[in-house]
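Asks: Please find one structure pasted underneath; my questions will follow.
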Amino acid sequence: MKASAPGKIILFGEHAAVYGRPALAVPVTQVHADVEVLDSARAGIWINAPGVDLHAELNSLPGNHPIAAGIHGLFQLCGISQPCALEVTILSSIPVASGLGSGAAVSVALVRALALHIGHTLTDQQVNELVFDIERLHHGTPSGIDNTVITYAKPVFFIKGRPIETFKVGKPFTVVIAGTGIPAPTKESVADVRRLWMQDKEKVEKIFDEIGQISMSARRVIENGKPESLGELMDKNHQLLQELTVSSPDLDHLVQAARRAGAVGAKMSGGGRGGNMIALVEKEKAESVENALVSAGAKGTIVTVIESSK
Ligand code: MEV
């Protein structure tokens, strides 16, 4: 049985989302994680993930390994006590630690493919909760935004702990995603923001409030079909992320290159420090902004159109 899950980008509100402020995220279907589960001729559960050079039997992995945790979590949920004889193949085109949600996408595809294989039907909510538990193992204190947008594969207006809320897209808009090529684990930037918050809660809470306001305005603007007004909000959000110390010289450099090339606005996206940035562009400028980003040193670009969800 096979299952697939998309990547994601955060449009607005990363980091503040961990502290209960609203954030907007959308799936990115150009990249995805694909998992296939087959019966095996040999005993045990064999995991093949060539992208991360992992070829191992389940019981040889530490219990908190995200893939092992996904399999154990699913078995527990379905009331299955091993032993099974399975071959699990994991392929992903989502760059690791890039802000595109590679970990959550692998987990979502993994638990869905396994559930299908053992004939167990999972609701989206069950998948989301299970993957959130796995995210906690490697992200420390995640808000849950990555697993939510990837599980439901829809634009999400996210507030931690609240039921999933999608948003309408009044008029489609185009975003260029560009990678710094620098892997940056979200866990570290989230932990650094926590340290900053511990040092000066009043100041950092104010930054989170401003980011939350930007997410609310952005939702209104998107729903009202005026995406051109998002540029200014992106620029402001980037500045606030700089204040949270999660941007980096490489991200700032790409953000400036995109603006110089005619992007309507640009910001880093996701955990920061490395990973990806996003630029809002008029459709006809997508190619020239993409080229400018590559000339400025971007490692990998994706052009994605944010359309209304059904
Ligand atoms: C990571 O994609 C987004 C962060 O806000 C962390 C989180 O919300 O869990 C940086």
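The values are calculated or read from the model by the stated rules, or taken from the named source; none is laboratory data. The shown structure was predicted, so the numbers you read here are calculated from the model rather than taken from an experiment. Heads up, the Cβs are rebuilt from the backbone with ideal geometry, glycines too, and the neighbour counts pull from every protein chain shown. Note: areas computed on protein heavy atoms with side chains; ligands, DNA, RNA excluded. Shrake-Rupley method; radii C 1.70, N 1.55, O 1.52, S 1.80 Å.
Asks: Over the chain, calculate the relative contact order: mean separation of alpha carbon pairs under 8 Å at least 6 apart, over the residue count, as a percent.
Replies: It comes to 23 percent, rounded to a whole number.
Asks: A further question on this structure: Choose one answer from 193, 52, 88: the residue with the largest mean-square fluctuation in a GNM of the chain with alpha-carbon springs under 10 Å.
Replies: 52
Asks: Moving to a separate point now. Can you work out the accessible area per residue across segment 231-277, with the rest of the protein chains kept in place, probe 1.4 Å, in square angstrom? Each step should come with its number before you reach the end.
Replies: Numbers: 1560 Å² over 47 residues.
Value returned for segment 231-277: 33 Å² of accessible area per residue.
Asks: Just the number, please: Stokes-Einstein D of segment 168-306 in µm²/s, Kirkwood Rh from C-alpha pairs, 4 °C, 1.567 mPa s.
Replies: 85
Asks: What whole-number value in cubic angstrom gives the convex hull volume per residue for the C-alpha atoms of the chain?
Replies: 122
Asks: Take the solvent-accessible surface of the protein heavy atoms, probe 1.4 Å, and return the percent of it on the chain that carbon and sulfur atoms account for.
Replies: 53
Asks: Now for a separate question. Counting every Cα pair in segment 2-158, what percent are over 25 Å apart?
Replies: In whole percent, the long-distance tail amounts to 25.
Asks: Percent relative contact order of segment 168-306, based on C-alpha pairs within less than 8 angstrom and at least six residues apart?
Replies: 42
Asks: May I pose another question? Out of 276, 64, 48, any idea which swings most in a Gaussian network model of the chain, alpha carbons joined below 10 Å?
Replies: Evaluated over the chain, the most mobile residue of the options is 64.
Asks: How charged is the neighbourhood of residue 113? Take every other residue with its Cβ under 9 Å from the Cβ of residue 113, and add Lys/Arg as +1 and Asp/Glu as -1.
Replies: Residues close to residue 113 contribute a combined charge of 0.
Asks: Under 1.5 on a/c is rounded, so check that first for segment 238-310, then, if it is not, pick prolate when a/b is larger than b/c and oblate when it is not; a ≥ b ≥ c are the square roots of the alpha carbon gyration tensor eigenvalues.
Replies: oblate
Asks: Okay, helix-only estimate at 222 nm for the chain: each DSSP H run of n ≥ 4 adds -39500 (n - 2.57), divide by all residues, round to 500 deg cm²/dmol; what do you get?
Replies: Value at 222 nm, helices only, nearest 500: -13000 deg cm²/dmol.
Asks: Probe of 1.4 angstrom, ligands and nucleic acids ignored: what's the accessible area per residue over segment 2-158, in square angstrom? Could the numbers behind the result be given before it?
Replies: Values: 5920 Å² over 157 residues.
Heavy-atom SASA per residue in segment 2-158 reads 38 Å².
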